[in-house]
Structures are given as structure tokens and as C-alpha cells.
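What follows is a short report on a single structure.
Just so you know, all these numbers are worked out from the coordinates, no wet-lab data involved. As the structure is a prediction and not an experimental result, all values here were calculated from the model. Cβ coordinates were reconstructed from backbone atoms using ideal geometry, including for glycine residues, and neighbour counts include every protein chain displayed.
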Amino acid sequence: KEEMIKKKKVTVKGVNVSSLNKRQQTAMKNHGKHHTKKHISMMVNDMKKGATFGQSHKKAMKKVGK
């Protein structure tokens with residue numbers, strides 16, 4: 001029997017970051033101290049699509065700011 005492995009839901013400022021890898025999750029936790037929920041949310045969406053942390057941060061800063 002295959003058992004479902006349940007991943008714990010990890011959030012940063014109320015934004016679900018569970019879909020990111022462990023290193024990205026840790027980076028987002030630290031990053032969340034300095035940025036808004038909107039900024040974090042945009043970054044997570046970009047990173048899910050394959051953008052790097054730096055690329056998604058730059059885009060989020062340009063579009064929504066801090």
C-alpha cells in the first residue's frame with residue numbers, strides 16, 4: 001500500500017510557501033521580515049514558475065515595492 005505523505009503547510013506572512021524547496025522556504029522566512037505579504041506572494045508565484053530568488057525579488061520590487 002502506498003501511503004500519502006502529508007507535507008506540513010509552511011507559510012510566510014500568510015502566504016503558502018510549501019510548494020518551494022527547503023532552501024527557498026528558509027530564504028523566504030528571512031526575507032519576509034523585511035517585506036509585505038503582497039511582495040512575498042508575488043515572489044512565490046514567480047518562483048513556482050521557475051524564476052530564481054533574485055529574479056523574482058527584482059520583479060516584485062519593481063511591481064509592488066517593499
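Kindly state, to the nearest 0.05, the FRET efficiency for N16 paired with K59, given R0 = 25 Å and r defined as their beta-carbon distance.
On the way: r = 19 Å, r/R0 = 0.77.
E between N16 and K59, to the nearest 0.05, is 0.80.
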### Summary
Taking the chain and counting helices only, DSSP H stretches of n ≥ 4 at -39,500 (n - 2.57) each over all residues, the nearest-500 ellipticity at 222 nm comes to -15000 deg cm²/dmol
### Task
Rank S19, I40, G50 by how far each Cα sits towards the positive end of the charge dipole of the chain (+1 on Lys, Arg Cβ; -1 on Asp, Glu Cβ) and give me just the farthest.
I40
### Query
With axes computed from alpha carbons, what is the tilt in degrees of helix 37-48 against the longest principal axis of the chain, rounded to the nearest 10 within 0 to 90?
60
### Summary
Going through K22/K48; K9/K29; K29/K63 one by one, the pairs whose alpha carbons sit over 18 Å apart turn out to be K29/K63
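How big is the dipole moment of the chain about its Cα centre under a simple scheme where the beta carbon of each Lys and Arg is +1, that of each Asp and Glu is -1, and everything else is neutral? Debye, nearest 20, please.
Values: 19 positive and 3 negative charges, 44 e Å.
Computed charge dipole of the chain: roughly 220 debye.
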### Task
Sort 37-49, 9-21 for me by packing, meaning the mean count of neighbouring Cβ atoms within 10 Å per residue, highest on top.
37-49, 9-21
